[in-house]
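The values are calculated or read from the model by the stated rules, or taken from the named source; none is laboratory data. A quick note: this is a predicted structure, and the numbers were derived from the prediction, not measured. FYI the Cβ positions are ideal-geometry reconstructions off the backbone, even for glycines, and counts take in every protein chain you see. Surface areas here come from the heavy atoms of the whole protein model, side chains and all, with no ligands, DNA or RNA. Shrake-Rupley method; radii C 1.70, N 1.55, O 1.52, S 1.80 Å.
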Amino acid sequence: MFKGVLLSVLCAIGLLNPMLLTGSLFAPNPDAPIKVGVYQNEPLVFVREDGTAAGIYVDILNYIATKAHWRIEYVPGTWSQCLERLSNDEIDLLVAIEYSEERAQVYDFSDEVVLTNWGQIYAPSGANIQSVLDLNGKSIAVLRGDIYAQGLKEIVSRFGMTSRFVEMDEYAAVFEAISNREVDAGQVPHLYGTQHEMSYDVDKTTIICCPMELRFAAPKGQQDRELLLIIDKELALLKADQGSAYYRAVNRWLGFAGVERVELPDWVGWILALAGAIGLMLLGTSVVLKSQVQARTAELSRKNAELQIEIVERAHAQAEIVRLQHLLQNITDSMPSALITLDPAGHILTWNPAAEALTGQTEAQVQGQMLWQASPELARYRELFERVLCEGQILHQHKEQLGTDLNAVYRDVSIFPLQANDINGAVLRIDDVTRRVQLEEMMLQSAKMASVGGLAAGVAHEINNPLGAMMQSAQMLQLAFDTQRPRVRERLQSAGVDPDALEHYLSLRGVMDYLEGIRSSGERAAKIVSDLLSFSRKSSSKAAPHGLNQLVEQTLDLAATDYDLKKKYDFRDMIVVRDLTPGLPQVFCDGQQIQQVILNLVRNAAQAMSERREHEHDYKPRLIMLTALAPDEQYVRLEVVDNGPGIPEAIRSRLFEPFFTTKGVGRGTGLGLWLCWSIVAERHKGRIWVEAAADGGSRFIVELPIAPLAED
């Protein structure tokens, strides 16, 4: 009787799941052996040292096989091997397998549930692991292919944790890894753990997961499905009889021993009946209390799980807040603008790296101080700051100039009110716009140069007309005074003028030489005007093959007329050495732009040599123009070499920067060499650099790509 009551209690708490079904037994093929997969999962199923199978499932299946006249062949293996054999139809049945909808898509399952089981987390003895959150960052041993392991992995993933799972082939290996402290925790089924936990140095934690129904499974297919139908019908009958082989197997392997029936005196029966009644009442009370305790425990576990989820969600929210704070901090730290946050009294609240670079002070040095005291150079913005606090509007101060004209620095200053989240004050933003202002000035200068170019072209056109008349008049006078021409002599004689006497007079006074000088000077002036027109004419920016020697000659002819009284140099007073290699390949370039580069380099050399001449009276300025094929034979090289004062090595790397100049105020804009670099490197894909000359001067080297050969 006590055994029946106890079994009823086990059924009530879900360890056993009795169902009543009826039916007859039939075997699909009594002669064929039924292969059953078994693995190490004591007490449900296991293989003894002698190779025989045992366990709750084996006892139940042996009973059904005897009754149905089946011949059973147990096939031992690991859990993963059993699953693989079931999938490949190498076995007919698999025992002690947990049911899931996913597995039901792959295997056929019995309808009857044998037992209920769940995953239990164990930890090494003394380890402080009592909640799911304690598994974060820990190593966890699990059975390979185990459904409880899959459920635990989903829980860990849902909590956003980074646990490392170590897969084993047997549950015993999981316990051994925990006991030997090879892992931080491990999971085994509850029934297996209860049976074996005392054999290892492990502690059972309060963490459980994934309640599962244990059933029989067979490969997908009609034949094996008939085996399951027989098992379902017989198992239903067994679970309906508390004295059946089902309950005997459960009692045997879960620790409940059977009791033999003996004949006792009647008075002993009455005493036993009374004791049984009292025991039944106590047991019923115990069951009720246990049920209440379990309900309360389940409620506490549910609330504990909800609390853990809330803690994780709050931790995630806090982490997201910290991430956004770091993102905003990185944005302000990466901005080139100096950002300074002030409270209404002018105390510094925040101070980004650009502000540190502007003032030379770190945020730690100025935190909480008055801005006007911590950085006196920013006190000029105090009045603007106070106006923002009073008016509540954004105020700007554009293109504020600091320093002299030679080393001017320009700033854009903006101050805007800060009124959010109970924080009042203002934000001061300072931008260095020196580069932008310089570019604006460069654009204005370019517009002025374009206007000057147009004016020069107009003047050249106007000079051409009287220049042509002057040259024509000089030529006519030369023809009229040429007494060696027969027709001129006839006309002189008819006018009563002795041709020989006139020739003697003109020769004596050098009139013919004067006329020749007028004509040759006019031709030279005409060539200068022609070069000026060609140079000032807007380029179509179309590159074409050009001879570099010819471009050099044309530019030197134009530069020969260059004289600047203010800068005290005259190109005609310099020795110009032309070392132009004949027969060079043509270069692919815009001729007018390359002429501009050559002219800029020649003028810079002339100005540099004029400065040296002011200090050395016996100094002879010398300019060398050299052309040659570059060593790589892919470029044609031009070298402009002067014997001026030279360029210090420290500033050579900055020569081609815009607005960089070594000349005094009013003597240079710092755009000439930058324009040369832009034309050569950017527009023509060439190279330009400067070196020190052998005699102390400078050597500017320009290399332009050779023009491709024209196809026939």
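So the values come out like this:
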quantity	calculated
Region 343-413 versus region 490-521: alpha-carbon centroid distance in Å	84 Å
Lys/Arg +1, Asp/Glu -1 at C-beta; region 209-255 dipole; positive extreme among Ala249, Gly221, Ala236	Ala249
Arg683 - accessible surface, heavy atoms, 1.4 Å probe, Å² rounded to 10	130 Å²
Rounded to the nearest 10 Å², the accessible area of Ile321 at probe 1.4 Å	80 Å²
Residue order for Asp89, Asp146 - accessible surface, 1.4 angstrom probe, largest first	Asp89, Asp146
Surface accessible to a 1.4 Å probe, per residue, for the residues of region 107-203, Å²	39 Å²
Solvent exposure, largest accessible area first (probe 1.4 Å, DNA, RNA and ligands not counted), of Met470, Met161	Met470, Met161
Accessible heavy-atom area order of Asp92, Asp695, highest first, probe of 1.4 Å	Asp695, Asp92
Under-5 Å amide H pairs with Ile121, H placed in peptide plane, nonlocal only	Thr205, Ile207
Equivalent-ellipsoid semi-axes of region 285-422, from the Cα gyration tensor, Å, largest first	57, 16, 13
Under the Karplus curve 6.51 cos²θ - 1.76 cosθ + 1.60, θ = phi - 60°, whole-Hz ³J(HN,Hα) for region 378-383, x wherever Gly or Pro sits	9, 5, 5, 9, 5, 4
Using θ = phi - 60° and Karplus 6.51 cos²θ - 1.76 cosθ + 1.60, couplings along region 589-605 (whole Hz; Gly, Pro as x)	7, 8, x, 5, 5, 5, 4, 4, 4, 4, 5, 4, 5, 5, 5, 4, 5
For region 126-135, 3J(HN,Hα) per residue [Karplus equation, 6.51 cos²θ - 1.76 cosθ + 1.60, θ = phi - 60°, Hz, x = Gly/Pro]	x, 6, 9, 10, 10, 9, 4, 5, 5, 7
For Ala707, residues with placed amide H under 5 Å, excluding near neighbours	Gln586, Val587, Phe588
Relative contact order, percent, region 279-428 [alpha-carbon distance under 8 Å, six or more residues apart]	17 percent
In Å², nearest 10: area of Ser507 left accessible to a 1.4 Å probe	90 Å²
Restraint check, Lys239/Lys290; Lys67/Lys220; Lys399/Lys542; Lys35/Lys138; Lys620/Lys685; Lys153/Lys303, Cα-Cα greater than 32 Å	Lys399/Lys542; Lys35/Lys138; Lys620/Lys685
